[in-house]
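One structure is given here, and the rest of the page talks about it.
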Amino acid sequence: MMELSPRTNPELLGHGDVEREILETQASGRIGHAWLISGPRGVGKATLAYRFARHILAGRLGSPEEGENGGGGLFGAEAPPIQLAPDAGLGMDPEHPVFRRVAAASHGDLRVIERAIADEKTGRRKTEIVVGDVRDLAHFMGMTPSEGGWRVVIVDEAETMNRNAANALLKVLEEPPGRAMLFLVSHNPARLLPTIRSRCRRLQLRALEDDVLATLITRHLPDLAAEDRQSLVALAEGSIGRAIDLAGQGGLDLCREVISMLGALPRLDVTRLHTLGDKVARDDQAFSALADLFPWWLARMTRSGALGQPPAQVITGEAEVAARLLGAAPLDRWIEVWEKVGSLFERARAVHLDRKQTVLSAFLAVEQTLGRT
């Protein structure tokens, strides 16, 4: 299985319209100094930021003296318009020197800011970007580029900046230096300061179409059976990152197990439940997958009931289980249990509650919903 790393990923499918927008903005002669790239998780936001960064660092934006000399404010100065080739894009050969140096984190004019590693053994990251991570940002962006072109900064998961870090970044945006470009990558831009959002040009990425997602899953998970590939397309909801994570976490098998156990209700198989609890208690990836999938499945089932639509079928037998559960209790109770299960897993993640007990409580919440009169 290939692990997707935005820094080393040479391709971006499904977002040709966004790349075209970038290039048309460049062609117009008014390229922004700050860009906010937003959209669902795992659809290619950071990959786009790195593609854009390589494009700039390779000199394809033109020299700063040709328009971006710092005198034009946030959105730059006028430059003569240029004609775009029909197939123009931000792609670059992985053997290109700039691509290789960016991939190796050795390009002197690129800086990447992200949540720091909290635990080297597990790779777990801190919960936020702190002011120390961005304190010298203005100094870096204000320096003369070492290769005579541009300084580029990527802030990944920008919404995780704490208040002090966000204010430090805002000072840079208020007086953007010339020869510098800033990319903010965000899953949830509403959490950013309004004054930061207002100073950035927006690029909104959408969830990937099913055919694009299926192509990417086939490419990155070539050994996956055709039926599993179709299930993964539905489970991933337009996110190749989510698809690869679920495959690596055993998400398909966990989803089948959850649906099978729910199908046996109102008689909960206690032995089977404890076996599942023990599994996720010792397996970080399995717990992460279950914490996503269980509330997601309940939400999808509840939504189909609210809309009066037949339950979806991702896993064999799923539609029948969902239809039976929806018919066994009023919709308001399913909304209540969905919120409760989601809250249980959120709290378990946030304050490291007992994982097995969390799983037991989640299934018991569903069982109790069916048992109420």
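The values are calculated or read from the model by the stated rules, or taken from the named source; none is laboratory data. What you see is a predicted model; the values in this text were computed from it and never measured. Here Cβ is always computed from backbone atoms with ideal geometry, including for glycine, and neighbour counts include all displayed protein chains. When the accessible area is computed, the model is the full protein with side chains, heavy atoms only, and any ligands, DNA or RNA have been set aside. Shrake-Rupley method; radii C 1.70, N 1.55, O 1.52, S 1.80 Å.
A few comments on the model shown:
- GNM flexibility winner over the chain from S146, S239, S186 (Cα, springs under 10 Å): S146
- The chain - share of DSSP beta bridges that are antiparallel (%, nearest 5): 10
- Solvent exposure of the chain amounts to 48 Å² per residue of accessible area, where only protein heavy atoms count and the probe is 1.4 Å.
- Among (i) 98, 49, 34; (ii) 73, 43, 38; (iii) 146, 55, 38, the entry derived from the coordinates for Cα extents along the principal axes in Å: (ii)
- Computed Kirkwood radius, in angstrom, where 1/r is averaged over Cα pairs of segment 257-373: 14.3
- When the Cα convex hull of segment 179-328 is projected onto planes of every orientation, the mean area is 12.9 nm².
- Reach of K356 by Cα under 19 Å, taken over lysines that are not fewer than 8 positions away in the same chain: K279, K340
- The heavy atoms of D93 present about 90 square angstrom of accessible area, all protein chains included, probe 1.4 Å.
- Inter-probe distance in nm under a simple model that places probes 7 Å from Cα toward Cβ, at L331 and D253: 3.7
- Taking every alpha-carbon pair within segment 100-258, the share separated by more than 18 Å comes to 68 percent.
- Note that segment 233-242 has calculated 3J(HN,Hα) couplings of 4, 5, 5, 6, 6, x, 10, 5, x, 5 Hz, one per residue in order, obtained from phi through the Karplus relation 6.51 cos²θ - 1.76 cosθ + 1.60 (θ = phi - 60°); glycine and proline are x.
- Whole-percent carbon and sulfur share, accessible surface of the chain, 1.4 Å: 49
- Exposure ranking of W296, W150, W338 by accessible area [1.4 Å probe, largest first]: W338, W296, W150
- Between A312 and Q204, the simple spin-label model (points 7 angstrom out along Cα→Cβ) gives 2.1 nm.
- Over the residues of the chain, the helix contribution to mean residue ellipticity at 222 nm works out to -15500 deg cm²/dmol, using -39500 (n - 2.57) for each DSSP H run of at least 4.
- Measuring with a 1.4 angstrom probe and ignoring ligands and nucleic acids, E95 comes out at about 120 Å² accessible.
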